[in-house]
Amino acid sequence: MTGKIQKGLVYLKNRGVREFTARAAEKLADAHFDYNRWVRAQEPSPLEMGYQKNLRMGSMPKIWVMILRAEGEPVKGAAFRRTEETLRRQTYLNAELCDALTTQVGDEDLIVFVRAGDLLPPHALFELAHAVRDGSSCVYSDEDRYRLVKDGEREKLSLSHPLFKPDFDPDYLRSVPYIGSLFGVKAGILRRAAHILRGTSGMPAEELADPAACYEMTLLCTDLAQEHVAHVPKILCHAAGQQRKEVREQDGVMMRRQEHQARDEALMQVLQRDLSRKGEKGIVEHGRGPGCFHIRYLHPESPLVSLVIPNKDHASMLKRCLDSICSLTTWERLEIIIVENNSSEPETFSFYDTLKEGLYRQLPVRVVRYREKGFHFSAIINEGVREAAGDYVVLMNNDVTVRTPDWIERLLSQCMREKVGAVGPKLLYPDGTVQSAGIVVGIMGFAGSMMVGGKNEDPGYMNRAASVSRMSAVTAACMMVSREAFWRAGGFSMEFPVALNDVDFCLRLGESGYHVLYEPTAELYHHESASRGYENSREKSRRFEKEKRHFRKKWEKILKEGDPHYNPNLSLRTCHYEINTGVPKWLICG
């Protein structure tokens, strides 16, 4: 006990009262956390549900619910009846069942799809109707899984495996069919989608029961909605779990594998058709997680790529970085720009002398000098990009080495797409564990890399570590950026000399209309802070705290509202997409 008290006092001294209180609250909440109780606590009170039943708002649509039956499921079998029963308990009274999109359904009515056997809490339809009042044409929610367990003489609901989804992300949707079991779409959009796919405006429920058909319809509807897709970050669907069959374990594994292979092949064909409809060229590949896919986008151009590498001393580290680029990288149209920053070691200048011919192992290399005193990462980066001749620039630390030979091709595949401003790879520690799989704003009260310390082969929560997806930021330890987008966003801000400048830059890219993507199939090693050291001296800690305060003030809005590529039900105290067990947000983000 004494040891724990001493450890707590050290944590209080080093981290301050806010961090200490948040950590204590987290530990207490984790020790007593019960997911089923948590779900019940999120549901509206009887008073609120009474209010929902009596509310009359002209802007809220009529809802038509289609219950999608699995192949072989009776028309009104047990699964259908379970779902139908939960629909009778809804607080939103302007809703009816239907089994097809007919002429009596108005274009502004909302068609809601739910699978037979899934259960909707009483406020589900109200929440969906309320979410589309802002003009959204599609809507989805978070969900979990349920099973019925014996409780004496009766059965009770046991909930688990919550899926806390990000706000709408078409790139993630092309990697994982994450929209899930409960999906609403305005009838007018659905009619247009049905006409494109079937040549008719009708759409019977039995056709959408097939996962591939439902996925294709979801992709097309969200595209026609022009990304006006609402997300309700609440558990509004308890999806039915897999029913166990009496088969030998070995046979069961084989059957599931064959079913998954057939399903994945059908979904990959859907993605290939989606690319063709949009006039995009790409190769659909199996992803690195179950039910996960990857698209390698193809472009006719082969642009020059400029690698900008800041450097101060550490000649052996710089040489290791350059050797890995030259020996492993397969992209040929490269130039390397080393931004020299106040080096003092003779070995560094001796190494620079070997580069005077402008080549290093047949690759063009230039050393440009940042002549201001002191370390100002943003200014150094801007100086390097000004010298770059390539249309695409890779910002790269001198403590990064290559793992995936075609890493530049993979980053370019994404970065050359319309409205993509920056792309970050997956970064690994030298031992092969994850150092960064994208950055979420709000982690630890400012911003943090995701999946830190995780196994490289682990696809992560909802395949997030294995999926191409939009992020609010990626780290400048290795980031590809369109040079046009770089300057349109104003380059790196002089407000952040050392820390958080990459996050600030990515957020400004977003404000300029660009997307920031995480590309997990491009992998590099990052010997983190090997060249500058960690922020562990008193002076560095003070400076870091000052930059954190400025970041919090500048980006107060996103810190308060939450990162749209994360989920408000997930913890800001960890980087592994874990549920927030009850730590108040104000303790973390202020």
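Close amide H partners of Asp169, meaning residues 5 or more places away or on another chain with modelled amide H under 5 Å apart, do not exist here. When the listed pairs Lys373/Lys548; Lys234/Lys554; Lys165/Lys234; Lys312/Lys540 are checked against a 20 Å cut-off, the alpha-carbon distance exceeds it for Lys373/Lys548; Lys234/Lys554. Computed over protein heavy atoms with a 1.4 Å probe, the accessible surface of the stretch 469-558 works out to 42 Å² per residue.
Strictly greater than 19 Å: what percent of every Cα pair in the stretch 344-408 meets that?
Considering the stretch 344-408, 47 percent of its Cα-Cα pairs are separated by more than 19 Å.
Between Phe349 and Leu93, full extension at 0.36 nm per residue minus the direct alpha carbon distance yields a gain of 84.5 nm. Legend: calculated FRET efficiency, Arg154 to Ala41, from the Cβ-Cβ distance at R0 = 35 Å, rounded to 0.05, equals 0.95. In this view, the solvent-accessible surface of His515, computed with a 1.4 Å probe and all protein chains in place, comes to about 50 Å². For the chain, the Kirkwood hydrodynamic radius comes to 26.3 Å, computed from all pairs of different C-alpha atoms. When a 1.4 Å probe is rolled over the protein heavy atoms, the share of accessible surface on the chain that falls to carbon and sulfur comes to 51 percent. Relative to the globular-protein estimate of 2.2 N^0.38 Å, the Cα radius of gyration of the stretch 147-293 stands at 1.21. Note: relative contact order over the chain, using C-alpha pairs below 8 Å and six or more positions apart, is 13 percent.
If you take all other residues with their beta carbon under 10 Å from the beta carbon of Thr401, and give Lys and Arg +1 and Asp and Glu -1, the sum is 0.
Give the whole-number value, in cubic angstrom per residue, of the convex hull volume spanned by the C-alpha atoms of the stretch 449-557.
Each residue corresponds to 134 Å³ of Cα convex hull volume.
What GluC sites (Glu not before Pro) does the stretch 78-117 have in DSSP loop regions with at most 13 other beta carbons within 10 Å?
Filter output for the stretch 78-117: Glu108.
Neighbours of Ala489 by Cβ distance under 14 Å: Lys/Arg scored +1, Asp/Glu scored -1, total -1. Annotation: amide H-H contacts under 5 Å for Ile579 (H modelled 1.01 Å from N, sequence separation of 5 or more, or interchain): Ser571. The H on the amide N of Gln435, modeled in the peptide plane, is under 5 Å from the matching H of Leu427, Leu428, Tyr429, Gly453, each at least 5 residues off or on a different chain. Summed over the residues of the stretch 177-232 and divided among them, the accessible surface reaches 35 Å² per residue at a probe radius of 1.4 Å. A Förster radius of 35 Å, combined with the Cβ-Cβ distance separating His299 from Lys554, puts the computed FRET efficiency at roughly 0.50. Within the stretch 271-355, the GluC sites (Glu not before Pro) that combine a DSSP coil assignment with at most 15 other C-beta atoms in a 10 angstrom radius are Glu280, Glu301, Glu332. In the context of the full set of protein chains, the stretch 94-144 has a per residue accessible area of 33 Å² (1.4 Å probe). Counting only protein heavy atoms and using a 1.4 Å probe, the accessible area of Arg154 comes to about 140 Å². Rolling a 1.4 Å probe across all protein chains gives Arg417 an accessible area of roughly 40 Å². Sorting Thr433, Thr218 by accessible area puts them as Thr433, Thr218; the probe is 1.4 Å, largest comes first, and only protein heavy atoms count. Taking all protein chains together, Trp407, Trp38 sort by accessible area into Trp38, Trp407, largest first [probe 1.4 Å].
Charge tally around Arg369: other residues with Cβ under 11 Å, Lys/Arg +1 each, Asp/Glu -1 each, net -2. For the chain, adding -39500 (n - 2.57) for each run of n ≥ 4 DSSP H residues and dividing by the number of residues yields -11500 deg cm²/dmol at 222 nm. Applied to the stretch 284-296, the Karplus parametrisation 6.51 cos²θ - 1.76 cosθ + 1.60 on θ = phi - 60° returns per-residue 3J(HN,Hα) values of 8, 10, 5, x, 9, x, x, x, 10, 10, 9, 10, 9 Hz, with x for Gly and Pro.
Note on exposure: Leu93, Leu355, Leu328 ranked by accessible area (1.4 Å probe, complete protein assembly) read Leu93, Leu328, Leu355, with the most exposed listed first.
Report the relative contact order of the stretch 81-133, percent, no decimals, based on alpha-carbon pairs under 8 angstrom and at least 6 residues apart. Computed over the stretch 81-133, the figure is 63 percent. How far, in degrees from 0 to 90, does helix 187-198 lean away from the longest principal axis of the Cα atoms of the chain, to the nearest 10? Between the helix axis and the principal axis of the chain, the angle is about 80 degrees. Across every direction, the projection of the convex hull enclosing the Cα atoms of the stretch 263-386 has a mean area of 10.9 nm².
The values are calculated or read from the model by the stated rules, or taken from the named source; none is laboratory data. Nothing here was measured: the structure is a model prediction, and the numbers come from that model. Neighbour counts are summed over all protein chains in view; Cβ atoms, including those assigned to glycine, are modelled from backbone coordinates with ideal geometry. Side chains included, ligands, DNA and RNA excluded: accessible areas come from the protein's heavy atoms. Shrake-Rupley method; radii C 1.70, N 1.55, O 1.52, S 1.80 Å.
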